[in-house]
Each structure stands twice: as C-alpha cells, then as structure tokens.
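Structure, as structure tokens:
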Amino acid sequence: MFAIEALPINAAELENAIQMVANIEAMVQPEDAWGYQTLLELLEQESMSLLIAYEQAEKESVTHREIVGYCLYQMTFEQAEVLRIGTNPKYQRQGIASKVVEKLHEVLQLNQVESLLLEVRADNAAAIALYEQQAFSIIHRRKNYYKVPHKPAVDALIMQHTYI
C-alpha cells in the first residue's frame, strides 16, 4: 500500500526523507541529479514543497515506511510548477507517479492555484503518457533543449494543467 504525504517536519525524519529523495534522484536522473544539499537549499524557500510517496508494509507487527517516490514543486500565487518528480526504479509502473500527481492536484486546488506547469523530455514517452492521463496538454516545445555530450539533443515539452 502506498501513501502520499507532505515532507515531515521532525528534523531527523526530514533529513532522512531528503536523503532518500536524493538517492532516488541519482537513480532516475543520473546525468542531472539534484543532491541532498541542493534539495535542502531549495526547500528552505517558502514557495517550495515536496510530496513523498511511501510504501507501507508491516514486518513483525511494526509498520515500515520506505520512500519510493517524490514530487518537488513550487507555488507562486496562482501558478505552480513541478520541478522534479521521480519513482524508485524498483517501484515504477505501479501507479505511484499517478497517485503523487493526483495528490498534488488536490493540494494545489486547496491553495486556489489556477494552473500547473512542468517540463518533460520529448523522448520520455512514459512520462508524457502519464501527464496526458492527468489532463496536461503541451503548450510549448523548446527545440534541442536537453544536450548531453555524444548524444543527439532532445526537445523539451512544456505541459500545463489548468484548474479553472
């Protein structure tokens, strides 16, 4: 069973959660991962928030919670933007990212956000399919935006979900 929650406020849990997110980042964004310190500095900004996806399992009558996914987002007045979203590769294709985006929609609507933006690589078919299922539409294409040495450049798609 999976649960989606806001970042914990307990200092020890907070440090652990940010480290786990940084570990997943390193797996899903190997060429451009945001590390612990970067995430920590971003989360010090009032406009930044992080949703955490946990797998909850009972082992010997003790509930064990493993962080399996996350969504880092920014809210500025009536606009929000997904900066990072990821799922531990062991847990991909189980609907976790969909649940995280659904929870994000709930949070944003409670905060009277009018639209949500995100950027995705044009060659990331799984992510694009997820976002289209969540009623995002492509509003712009940045040609050859993602550049990695010795590989062809890839376009970035800017997608938007509107709430009003």
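Taking all protein chains together and a probe of 1.4 Å, list Ile4, Ile18 from the most accessible to the least accessible. Walk me through the intermediate numbers first.
Values: Ile4 35, Ile18 5 Å².
Descending accessible area places them as Ile4, Ile18.
Rg of the Cα atoms in the chain, relative to 2.2 N^0.38 Å, amounts to 1.05. Beta bridges from DSSP with both residues in the chain: antiparallel share about 95 percent, rounded to the nearest 5. When the alpha carbon coordinates of the range 1-84 are projected onto the principal axes, the ranges are 44, 30, 23 Å, largest first. Protein-only accessible surface at a 1.4 angstrom probe places the residues Tyr145, Tyr36, Tyr131 in the order Tyr145, Tyr36, Tyr131, largest first. If only the Cβ of Lys and Arg carry +1 and only the Cβ of Asp and Glu carry -1, the dipole of the range 1-121 around its Cα centre is close to 440 debye. Heavy atoms of the protein chains alone define the surface here; on that basis the range 29-164 has 59 Å² accessible area per residue at 1.4 Å probe size.
When all protein chains stay in place, what accessible area (Å², nearest 10, 1.4 Å probe) is found for Arg142? Rounded to the nearest 10, the figure is 90 Å².
Largest accessible area first, the residues Phe136, Phe77, Phe2 order themselves as Phe77, Phe2, Phe136 under a 1.4 Å probe with ligands, DNA and RNA left out. Taken over the range 9-54, the convex hull of the Cα atoms encloses 79 Å³ per residue. Solvent-accessible surface (1.4 Å probe) assigned to Lys99 amounts to roughly 90 Å².
The values are calculated or read from the model by the stated rules, or taken from the named source; none is laboratory data. Quantities reported herein were computed from a predicted structural model and do not represent experimental measurements. FYI the Cβ positions are ideal-geometry reconstructions off the backbone, even for glycines, and counts take in every protein chain you see. Accessible surface is based on the protein model in full, side chains and every heavy atom, while ligands, DNA and RNA are left aside. Shrake-Rupley method; radii C 1.70, N 1.55, O 1.52, S 1.80 Å.
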